[in-house]
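Heads up: the structure comes next, in structure tokens.
The values are calculated or read from the model by the stated rules, or taken from the named source; none is laboratory data. Small disclaimer: the values here were computed from a predicted structure and weren't measured. In this analysis, Cβ positions are derived from the backbone assuming ideal geometry, glycine residues included, and neighbour counts consider all displayed protein chains. When the accessible area is computed, the model is the full protein with side chains, heavy atoms only, and any ligands, DNA or RNA have been set aside. Shrake-Rupley method; radii C 1.70, N 1.55, O 1.52, S 1.80 Å.
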Amino acid sequence: MTSLVWLRQDLRLTDQPAIAAAAGQGPFAALYVLDDETPGEWRIGGAQRWWLHHSLAALKAEIERRGGALILRRGRSVEAVRQVADALGAQAVHATAHYEPWWQSAEQELGTRLTLHPGDTLVPPERVKTGAGKPYRIYGPFFRAFCAFEVAKPQPAPDRFEQPAKLPRSDKLEDWDLLPTRPNWAEGFSVWQPGEAGAEEHLERFADEAASYAERRDLPSEVGTSNLSAHLHFGEISPRQVWHRLDGDEAAKFRKEMAWRDFSRSAILADPHIGDRSQRPPRVRPRNSQADFEAWAKGLTGYPIVDAGMRQLWATGWMHNRVRMIAASFLVKHLLIDWRRGARWFWDTLVDADYGNNSLNWQWIAGTGIDSQPWARVMAPLSQSAKFGAAEYIRRWVPELAHLSDDEIHDPSDRGDYPEPRIGHREARERALGASRRP
């Protein structure tokens with residue numbers, strides 16, 4: 001029986017149930033559709049397009065090495081899946097279940113022709129429900145319920161694939177123009193190795209360091225995080241592979257972070273519009289100063305830890321997790337800019353931009369999420385920078401301040417060409433709290 005596998009954010013062969021199911025039935029072809037229509041305003045941003053190009057190139061080579069075929073098409077996913085399935089004479093279409101609202105709609109449109117398989121999460125979030133049978137909206141109760149489930153063990157990739165005798169046409173990856181050229185703003189992205197092999201290499205590196213994750217994860221000057229987020233987002237490695245590779249007590253903190261990723265899918269099921277709809281009424285009316293936003297985006301706020309993070313983001317497509325929190329809080333509470341503007345900037349510039357995680361984390365910072373920090377908690381960038389030893393991190397990304405000592409660099413008096421703060425911390429805190437008390 002001939003089958004088609006529709007790929008999206010599951011660009012791997014190991015622990016890939018959709019590919020395993022198709023390979024077990026006979027000849028099949030895999031299909032990836034560059035779809036800017038179905039997601040609408042949530043089509044993937046520039047940084048992710050760079051990653052996608054390299055990820056698809058790696059996957060295509062590996063599929064062909066095993067005797068299979070990867071077909072590339074551009075357009076609306078539902079139409080492309082139907083056209084390619086008809087051209088193949090495919091009796092079945094297999095895919096990994098996804099939870100973004102646009103993919104849910106596409107899956108429903110394909111109807112019974114489509115067979116969905118778990119693979120994006122540790123446990124399918126539709127199984128982790130409240131006593132009333134609804135998705136969880138608060139992490140604590142979700143995690144307690146999650147812990148009652150066993151995470152299935154990952155399955156190996158098939159050794160060989162059998163492709164159909166006749167294949168429909170395929171686009172050339174190079175013709176999609178996913179890589180920036182004029183200018184090539186992605187030169188710093190060379191720190192990454194997209195693809196399944198890169199994901200497995202990162203996992204093995206992190207497995208040797210996972211015991212110190214809880215102590216080092218908040219230190220921007222150290223490589224204490226896993227660097228797996230983009231690989232997980234593109235599905236180059238499965239959550240189950242990571243979970244079972246890090247199976248000791250020393251990895252408990254990281255495992256809980258993996259469960260948060262599952263929770264973000266539950267939050268999407270509870271409200272598919274979590275990316276642009278506040279779950280609680282905002283406490284203030286945003287100012288939305290364009291000058292302030294541009295200073296934040298360019299890393300010119302006058303707060304070294306914030307600016308280091310924003311420059312790292314632009315240069316590499318990634319930002320340290322603790323610094324993401326500081327930078328996001330600064331935008332929302334110091335500058336009083338709507339959290340959606342920050343979330344959209346991250347969506348375009350992060351290689352790991354994930355609809356569920358990105359939206360949930362921004363709403364947590366802004367105090368608009370059902371499960372979020374209170375508005376009155378205004379993070380202090382200067383003390384956070386010193387507390388988490390960010391001096392070397394700042395020297396790397398804000399070279400104007402590289403000559404300063406560890407004590408001076410967090411709040412420099414000798415600034416040279418480096419800008420003065422957009423607003424003082426005390427003034428910003430009082431303004432934010434005062435604005436929240438106004439009727």
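Here are a few things to note about the model shown:
- Among the numbered conditions (1) at pLDDT below 95; (2) closer than 29 Å to ARG311 by Cα, the only one that ALA211 does not meet is (2).
- Residue in region 329-338 that is within 18 Å of the chain's Cα centre (by Cα), modelled with pLDDT of 95 or more and within 24 Å of ALA214 (Cα to Cα) present: no
- Matching residues, region 297-318, being open to solvent by less than 10 Å² (accessible area, probe 1.4 Å) and in contact with an Asp or Glu (Cβ under 9 Å, 6 or more places away or on another chain): GLY299, THR301, GLY302, TYR303, PRO304, GLY317
- Residue within region 157-172 that is closer than 22 Å to SER372 by Cα, part of a loop (DSSP other than H, G, I, E, B) and open to solvent by 40 Å² or more (accessible area, probe 1.4 Å) present: no
- Residues that are outside any helix (DSSP H, G or I), open to solvent by less than 20 Å² (accessible area, probe 1.4 Å) and either in contact with a Leu (Cβ under 9 Å, 6 or more places away or on another chain) or small (Gly, Ala, Ser) (or both), drawn from region 205-231: GLY224, SER226, LEU228
- Leading residue by the ranking (farthest from LEU13 (Cα to Cα)) among those in region 60-83 that are of a type outside the set (A, V, I, L, M, F, W, C) and either touching a Pro at 6+ places or on another chain (Cβ under 6 Å) or open to solvent by less than 10 Å² (accessible area, probe 1.4 Å) (or both): SER77
- Per this entry, ASP86 is not counted among residues that are more than 20 Å from PRO158 (Cα to Cα), in contact with a Gly (Cβ under 9 Å, 6 or more places away or on another chain) and surrounded by fewer than 22 Cβ atoms within 10 Å (Cβ to Cβ).
- Among the residues making up region 8-32, those that are among the hydrophobic types (A, V, I, L, M, F, W, C) and buried (at least 24 other Cβ atoms within 10 Å of the Cβ) are LEU11, ALA18, ILE19, ALA22, PHE28, ALA29, ALA30, LEU31.
- Of all residues in region 357-392, those satisfying the criterion of being closer than 20 Å to PHE346 by Cα and in contact (Cβ under 8 Å) with a residue 60 or more places away in the chain are ASN357, ASN358, SER359, LEU360, GLN363, ALA366, GLY367, THR368, GLY369, SER372, PRO381.
- Qualifying position, being within 16 Å of the chain's Cα centre (by Cα), within 20 Å of THR225 (Cβ to Cβ) and open to solvent by 50 Å² or more (accessible area, probe 1.4 Å), among GLU236, GLU257, GLU250: GLU257
- Residue within region 385-403 that is over 31 Å from the mean Cα position of the chain (by Cα) and modelled with pLDDT of 95 or more present: yes
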